[in-house]
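As structure tokens, the structure follows; a few thoughts come after it.
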Amino acid sequence: MRVFKIIAWIALILFIIIQFFPTEKNESYTTPDNDFMVVNNVPSKIENQLKVSCYDCHSNSTSYPWYNKIQPAAWYLEDHVKEGKAELNFNEWSTYSDRRKDSKLRSIIKQIESGEMPMDSYTLIHRDAILSENIKNSVISYMRILKDSLK
Amino acid sequence: MKTVKRSLGAMALAAITLITVSCNEGKKNEATAPMSNEMHQDTMDADKDMAMNDSQDAKAEAILKDYFNLKDALVGDDNAKAKGLGNTLVQSLKSFDMSSYADGKKSELKDIMEDAIEHAEHIGESDIKHQREHFKILSKDVTDMVAITGTQMKLYEQYCPMYDGGTAWLSTEKQVLNPYYGSSMLKCGKVQREIN
């Protein structure tokens, strides 16, 4: 019992200490001129869905869930957003070369098709980010058209 | 048992207090700077001074050498080896020096390298199915690079119509050994073009 008590206290103290490490937030709240939606003529249905399903991790503005107030959850999210933005940042779309746009679009199509994106760990909480079969097809065909227009 | 309950209670209480505190704290953070995708840019600029045509060709040959090693690992269905070689290729791509090329070529090479580095990085950390998907685009990047830089080597551009709607790659051998299927369809493909 004593051992349990000590462990509980250590865990508690650690839990308290890590609360004082802030994370850097991904909240710019502006739409840059380089944004995917600005430079492309995206149908509004697709635009809205992409913003809900992708922009939390693939843009400079994340709308954070309540548990981002608590460590270590905030670290976990920070990591994900960082990684997501390095892979693809919709806010910087027009800064990509055509070659990279082509690569990005290929990956977007592949990963949406296979259901890899949006990630299960994300849609678990963000149920509205799940792509219905219908919208999934529209997004994919839109991305295909965009990809073909690069050539 | 009582003490355990008490410490658990204290823990919960402390947690609640903290959540409230950090709630207030979180509000005052400002926007983060946009992330840079051009981390390799500096390395390239740093090498600028030693621009000589010979050393550049050597760099292009180094990229090709690493590319072919990677291709052989994929032919051999060797995921772990391909990971390592993907990372090796990232390094040779990053150290490529394009400074003595004309501006138009330079920007094209920059685009090629940026894209190729990303695919090589993914190959360095993916399962073999993904490695092959990235190798497809990487092959296009490397082929386009060779069109600009040229090479001393004799190369064969090979083509497999079955993989992902038709896919090409480069080889130093005339004989077809398919990196996209490995042992499951080793001979699928044909030579579609000879370089040099």
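The values are calculated or read from the model by the stated rules, or taken from the named source; none is laboratory data. The structure displayed is predicted, hence computed values, not measured ones. Every residue, glycine among them, receives a Cβ derived from its backbone with ideal geometry; neighbour counts consider all protein chains shown. Heavy atoms of the whole protein, side chains included, go into the accessibility calculation; ligands, DNA and RNA do not. Shrake-Rupley method; radii C 1.70, N 1.55, O 1.52, S 1.80 Å.
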Practice task
Give region A:19-75 a look and list any residue that's within 12 Å of chain B (Cβ to nearest Cβ) and among the basic types (Lys, Arg), or say none.
Solution key: A:25, A:69
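Within region A:94-103, is even one residue assigned to a helix (DSSP H, G or I) and either within 15 Å of the chain's Cα centre (by Cα) or modelled with pLDDT under 90 (or both)?
Within region A:94-103, the first condition is being assigned to a helix (DSSP H, G or I), and the residues that meet it are A:94-95, A:98-103.
After this cut, where a residue has to be either within 15 Å of the chain's Cα centre (by Cα) or modelled with pLDDT under 90 (or both) as well, the list is none.
No - not one qualifying residue is present in region A:94-103.
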Practice task
Collect the residues in region A:113-135 that are assigned to a helix (DSSP H, G or I) and more than 13 Å from the chain's Cα centre (by Cα), keeping them in residue-number order.
Solution key: A:113, A:127, A:128, A:133, A:134, A:135
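Residue check: is residue B:162 in contact (Cβ under 8 Å) with a residue 12 or more places away in the chain and within 17 Å of residue B:186 (Cα to Cα)?
On the way: in contact (Cβ under 8 Å) with a residue 12 or more places away in the chain: yes; within 17 Å of residue B:186 (Cα to Cα): yes.
Yes.
I'd like to know if region A:50-63 contains one or more residues that are touching a residue at least 60 places away in the same chain (Cβ under 8 Å) and in contact with a Phe, Trp or Tyr (Cβ under 6 Å, 6 or more places away or on another chain). Talk me through it step by step, then tell me what you get.
From region A:50-63, those touching a residue at least 60 places away in the same chain (Cβ under 8 Å) are A:50, A:52-54, A:56-57; that's our starting set.
With the extra rule that they be in contact with a Phe, Trp or Tyr (Cβ under 6 Å, 6 or more places away or on another chain), the set shrinks to none.
No: zero hits.
Sort out for me the strands (runs of 3 or more DSSP E) sitting completely within region B:113-196 that have 3 or more residues that are open to solvent by 60 Å² or more (accessible area, probe 1.4 Å) and either on the phi < 0 side of the Ramachandran plot or of a type in the set (A, V, I, L, M, F, W, C) (or both). First the steps, then the outcome.
Numbers: elements: B:155-160, B:167-171, B:190-195.
Hits in region B:113-196: B:190-195.
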Practice task
Kindly indicate which of B:110, B:136 is within 20 Å of residue B:91 (Cα to Cα), within 11 Å of chain A (Cβ to nearest Cβ) and in contact with a strand residue (DSSP E or B) (Cβ under 6 Å, 6 or more places away or on another chain).
Solution key: B:136
Exercise for the section: Select from region A:26-52 the residues that are under 22 Å from residue A:117 (Cα atoms) and among the hydrophobic types (A, V, I, L, M, F, W, C) and write down the one among them that is most open to solvent (accessible area, probe 1.4 Å). Expected result: A:52
Handout entry: Index of the failed condition, residue A:127 passing every other in (1) away from chain B (no Cβ under 13 Å); (2) open to solvent by less than 40 Å² (accessible area, probe 1.4 Å); (3) not small (Gly, Ala, Ser)
Key = (2)
Completion exercise
Of the residues in region B:140-154, those that are within 19 Å of residue B:112 (Cβ to Cβ) and touching a residue at least 60 places away in the same chain (Cβ under 8 Å) come to B:142, B:145, B:146, B:149, B:150, B:151, B:153
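Return a yes/no flag: does region A:113-124 have any residue that is hydrophobic (A, V, I, L, M, F, W, C) and either open to solvent by less than 20 Å² (accessible area, probe 1.4 Å) or on the phi > 0 side of the Ramachandran plot (or both). Talk me through it step by step, then tell me what you get.
Of the residues in region A:113-124, the ones hydrophobic (A, V, I, L, M, F, W, C) are A:117, A:119, A:124.
Pick out the ones that are also either open to solvent by less than 20 Å² (accessible area, probe 1.4 Å) or on the phi > 0 side of the Ramachandran plot (or both) and you get none.
No, every residue in region A:113-124 fails to be hydrophobic (A, V, I, L, M, F, W, C) and either open to solvent by less than 20 Å² (accessible area, probe 1.4 Å) or on the phi > 0 side of the Ramachandran plot (or both).
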